[in-house]
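**Q** What follows is a single structure, and I will ask about it in a moment.
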Amino acid sequence: MAEKELIPDLSMAQPDVQVLAKELRKRPRVGETVIQAFLFLCGALSILITLGIVYELGKESLLFFTRQQWELSNKAIVENIERSYTAFDVEKEGATLAVDQIIKINSEIMRITAIDGSRLSVERGVQGSTIKPHETGALIETGRRVTLKEFFTTTDWNPQIGQFGIWALVNSTLMTSLAATIVALPLGLMVAIYLSEYASARARSIIKPVLEVLAGIPTVVYGYFALTFMTPLLRFILGRDVVDIYNTASAGIVIGILILPLVSSMSEDALSAVPRSLREAAYGLGATKLETAVRVVVPAAISGIAAAFIVAISRAVGETMIVSIAAGAGSKFTFNPFEAAETMTGHIVRISGGDLSYDSIDYNSIFAIGLLLFFMTLSLNIFSQWVVRKFREEYE
């Protein structure tokens, strides 16, 4: 009965009131419909862009792993080859050839069966190619097909000589991300606790803009800062014979400075969202401000803080310019943070900006690296969403 009394009965209202209510129900809200459609299109466009990126990376990576690609060996034949020949001499210069390697002269594909100095014994017309005569000076191309086993189980990455062990790049990427995490996470959380629990309005108005300035500095500036300030500082403290000019430690430390505003801002938002009543209850039980912040506020905001940490780590994994400038330009599987080692993003920058021919195996390798990097950051973001859902605290 009480619910019925809350619903207005328009049947007994004045005629003009009834007409007004009917007009409000039927009046089309064109502006709101347009805005709703625009927001839907924005969301759909973002999804389509993500799917497009995944499609392109997946397509090129599939070609990298399944298609036989040809590379010039800078080696040519030194005699005419007739259709009946199964052995011939080649130049000594150029890439080293190996038994069972697939080669191509003009359009004919061959398999090397034996090598005696500069003389090759071959099986001709393999893979369905047509046996043809070839003239002196014809260039030899070498065939290459990368396997998933080689990609994920070896530790040497040098496409120029046919080495495709991704762990050399992954290891250096994780090392720089770990160094950034060690710098950014504790400092960012402490800054967030200070801003949320201790800072006055005046102090907050100064510190927050300074952090935003750090977030707005171009990453290429951070890269040269790492190379010209952080590396000399580490070499002065630890010794020039210990720290190389290019090293993952200085790059990781500066990446930590880069993601520090992200950690502090998101963590501060999570801490500020904790209800004031929890703080007052802790004070009522005799807790100090530090005890309240550490034992009450931080645990209550743990889901938001964890999400901030994981997003910051994802940002560190995907950082490009700092590592390409300060970490080094040659892949190396090492656990020494003071040695030069190329990261995944640094390698992509170096390869894509070089003089490599399009559709070569070196060039196509960057798509496989990019796809792996995409799945690494995607996994971190999915884990972040799981942490938020699992540890989320809802307050009324």
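**Q** Conditions: (1) in a helix (DSSP H, G or I); (2) hydroxyl-bearing (Ser, Thr, Tyr); (3) surrounded by fewer than 15 Cβ atoms within 10 Å (Cβ to Cβ). Ser84 meets all but one. Number of the miss?
**A** In the conditions (1) in a helix (DSSP H, G or I); (2) hydroxyl-bearing (Ser, Thr, Tyr); (3) surrounded by fewer than 15 Cβ atoms within 10 Å (Cβ to Cβ), Ser84 misses (1) alone.
**Q** Just checking, which of Ile182, Ile140 is at pLDDT 90 or above and farther than 30 Å from Leu290 by Cβ?
**A** Only one candidate qualifies: Ile140.
**Q** I've got another one for you. Only one residue in Ala273, Ala249 is modelled with pLDDT under 90 and not charged (D, E, K, R), so which one is that?
**A** Only one candidate qualifies: Ala273.
**Q** Checking the structure you have, find out if any residue of region 232-247 is under 30 Å from Leu271 (Cβ atoms), free of Cβ contacts under 8 Å to residues at least 12 places away in the same chain, surrounded by fewer than 20 Cβ atoms within 10 Å (Cβ to Cβ) and in the same structural domain as Ala301 (by TED's automatic domain parsing).
**A** no
Here's the yes/no breakdown for (1) in the same structural domain as Arg315 (by TED's automatic domain parsing); (2) over 30 Å from Ile245 (Cα atoms); (3) in contact with a helix residue (DSSP H, G or I) (Cβ under 6 Å, 6 or more places away or on another chain); (4) surrounded by 15 or more Cβ atoms within 10 Å (Cβ to Cβ):
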| site | (1), (2), (3), (4) |
| --- | --- |
| Gln127 | no, yes, no, no |
| Thr130 | no, yes, no, no |
| Phe152 | no, no, no, no |
| Thr155 | no, no, yes, yes |
| Leu174 | yes, no, no, yes |
| Val220 | yes, no, yes, no |
| Leu227 | yes, no, yes, yes |
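**Q** For the list (1) without any contact (Cβ under 8 Å) to a residue 40 or more places away in the chain; (2) farther than 25 Å from Leu380 by Cβ; (3) within 24 Å of the chain's Cα centre (by Cα), I need the number of the one condition that Pro186 fails.
**A** Pro186 satisfies every listed condition except (2).
Residues are listed down the side, and each one gets a yes or a no for (1) in contact (Cβ under 8 Å) with a residue 12 or more places away in the chain; (2) surrounded by 22 or more Cβ atoms within 10 Å (Cβ to Cβ):
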position	(1), (2)
Ser267	yes, yes
Glu291	no, no
Pro299	no, no
Ile313	yes, yes
Ser324	yes, yes
Asn336	no, no
Glu339	yes, no
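**Q** Among the residues that make up region 230-246, is at least one of them under 20 Å from the mean Cα position of the chain (by Cα) and closer than 24 Å to Ser331 by Cβ?
**A** The answer is no, given that none of the residues of region 230-246 is under 20 Å from the mean Cα position of the chain (by Cα) and closer than 24 Å to Ser331 by Cβ.
The values are calculated or read from the model by the stated rules, or taken from the named source; none is laboratory data. The model shown is predicted, which means the values in this text are computed figures rather than measured ones. In this analysis, Cβ positions are derived from the backbone assuming ideal geometry, glycine residues included, and neighbour counts consider all displayed protein chains.
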